[in-house]
Amino acid sequence: MNFRVGPGKDSKDVQVYSFNYVTADASFDADGRILNLYVDGLEVSTPNYDGESMPHFSGWPGTEGYNVTDHETLEVSGVSDNTEEAIAQEVNNWDTKRERGDHYGMNYDKDWHKQMDHFQEFFKGKTVAEIEEWFTKYTSDVNGRPLREDSEVEEDQVKFASLTEDEKTELADVVSGATFSLKDGHGDIIGAIKDAYENRVEVTITLN
């Protein structure tokens, strides 16, 4: 889990706060290679964030209310009613990023769950160590996103230029379906996959 200042501020210039919790469910073969992988995440913000599908947490029951943003006007419309019933309803209505589906609202052709599916397929057959090595070599040291040829970040341009043509081709296959960060303020997906491996439980299958 990580806590984040943001995303952004509301129309009254009051800070938005959020937290992210990433989960990874994986199975591995005897050599530690991923057979199957399923990653999801829960992102929750204060109620003054303007994204309609974002789960909210307004505060503990009995605490002072926090600014609430109207998702149609994008203006602060009042403050939250932090009763026990209201907060319980907020928590009960939390949806994960996969549950939010195409309403998550990423600024790409594919929303979060589709891009995560692409990453999952790419990571199959790799060990955690190989995924960590890939992440170090092929993603931005600035924001954790896969490197892109058209990046305007100087550090990313230098890192991309150091790749061979075959490596650039492999990377192009990845970014054709997934471009979001694997480790930033939205959560540590690489760390979650590593945790899944370190907490693995051996399963023995007997064939008759």
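The values are calculated or read from the model by the stated rules, or taken from the named source; none is laboratory data. Being a predicted model, the structure only gives us computed values, none of them experimental. Note that each Cβ is placed from the backbone with ideal geometry, even for glycine, and that neighbours are counted across all protein chains shown.
Of all the listed residues (Ala26, Ala30), the sole one being under 18 Å from the mean Cα position of the chain (by Cα) and either modelled with pLDDT of 95 or more or surrounded by fewer than 21 Cβ atoms within 10 Å (Cβ to Cβ) (or both) is Ala26. Say whether the condition of being touching a Leu at 6+ places or on another chain (Cβ under 6 Å), in contact (Cβ under 8 Å) with a residue 12 or more places away in the chain and not basic (Lys, Arg) is met by at least one residue in the range 58-80. No: zero hits. When the range 33-49 is limited to residues that are surrounded by fewer than 21 Cβ atoms within 10 Å (Cβ to Cβ) and over 15 Å from the mean Cα position of the chain (by Cα), the one that is farthest from Ser80 (Cα to Cα) turns out to be Arg33.
Give the range 173-208 a look and list any residue that's of a type in the set (D, E, K, R) and within 11 Å of Val22 (Cα to Cα), or say none. Across the range 173-208, the qualifying residues are Lys183, Asp188, Asp195. The set of residues from the range 175-200 being within 20 Å of Leu147 (Cβ to Cβ) and aliphatic (A, V, I, L, M) comprises Val175, Ala178, Leu182, Ile189, Ile190, Ile193.
Considering the range 124-136, the residues that are surrounded by 12 or more Cβ atoms within 10 Å (Cβ to Cβ) and touching a residue at least 12 places away in the same chain (Cβ under 8 Å) include one that is nearest to Leu35 (Cα to Cα), namely Lys124.
Pull up the range 137-165, narrow it to residues that are more than 28 Å from Asp40 (Cα to Cα) and buried (at least 16 other Cβ atoms within 10 Å of the Cβ), then point me to the one that is nearest to the chain's Cα centre (by Cα). Once the filter is applied, the top-ranked residue is Val153.
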